[in-house]
């Protein structure tokens, strides 16, 4: 947009680039057998560096008024961002819970070998998962830029990644795969936002807020591991 591209076209290009990054992740993980966490961290830093190089290390502002209204407007006093979130959440819920692809996603998350043994292509499923993850991450970044009215270099950093991961785990998604829901993730995000707002209202210093958020993440992972062990013990008995 800063170089004169019509903003709706720029949005589409941004989403397409997010999908390309997702496909790159899938290729590195599946073809080069690099662990997913290393791959995604690597592409995260690569893209962050590419953005700094492309922008010259400067935030992009101002942005077109139409683009700002896309994220800052409201319908019947309901903010657009909430409407977008509900629509995306409902779509993903039905895809995950009601479609063949959603069944495949949970099967692959539960175990690659078991999924392949049941005729499910784990590689193909993971390819679509990473493509969709890249696209929806791009949508989130675009909406954030629209809401703030600027393309910020520091947006979507480690703190955002930690917050999103914590919200997903608090919502009941298993770190080991195969278990999770869109509704649970939404509730986890709301709970996490409530905790953050409560800490801000109580004037808790940022240092202690980060410590509390980190502790919540550790507890969520520990509870997930405990639930997994109990499930395995019940299955074996």
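Per 5 Å bin, what is the whole-percent P(r) computed from every C-alpha pair distance within segment 29-160?
Taking every Cα pair in segment 29-160, the percentages come to 2, 8, 13, 17, 15, 15, 12, 9, 5, 2, 0.
Measure nothing but the geometry: give the 0 to 90° angle between the long axis through the Cα atoms of 158-170 and the longest principal axis through the Cα atoms of the chain, rounded to 10°.
Helix 158-170 sits roughly 40 degrees off the main axis of the chain.
Which of these, 203, 104, 25, has the largest mean-square fluctuation under a Gaussian network model of the chain (Cα springs below 10 Å)?
203
Could you tell me how many degrees, from 0 to 90 and to the nearest 10, lie between the Cα long axis of helix 7-31 and the main elongation axis, the longest principal axis, of the Cα atoms of the chain?
Tilt relative to the chain: about 30 degrees.
Could you sort 76-87, 163-174, 214-225 so that the peptide with the highest average Cβ count within 10 Å comes first and the rest follow in order?
163-174, 214-225, 76-87
Just to be sure I understand: if I project the alpha-carbon convex hull of segment 157-237 onto a plane and average over all orientations, what area do I get in nm²?
With the hull built on Cα positions only, its mean projection is 5.8 nm².
So what's the chain giving for Cα Rg divided by 2.2 N^0.38 Å, two decimals?
Taking N as the residue count of the chain, the ratio is 1.11.
How large is the helix-only mean residue ellipticity at 222 nm for the chain, computed as the sum of -39500 (n - 2.57) over DSSP H runs with n ≥ 4, divided by its residue count, in deg cm²/dmol to the nearest 500?
Calculated from helices alone, the mean residue ellipticity at 222 nm is -25500 deg cm²/dmol.
In square nanometres and to one decimal, what's the mean projected area of the convex hull around the Cα atoms of segment 1-80?
Result: 7.1 nm².
Compute the helix-to-body angle for 100-110: its Cα long axis versus the longest principal axis of the chain, expressed 0 to 90° and rounded to tens.
That helix lies at roughly 70 degrees to the long axis.
Determine the principal axes of the Cα atoms in segment 82-174, then give the extent along each, sorted from largest to smallest and rounded to whole angstroms.
Principal-axis extents of the Cα atoms in segment 82-174, largest first: 49, 26, 25 Å.
We did not get these values from a lab; they are worked out from the coordinates using the rules stated. These figures come from a predicted structure and were not determined experimentally. All Cβ positions, glycine included, derive from the backbone under ideal geometry; neighbour counts span all protein chains shown.
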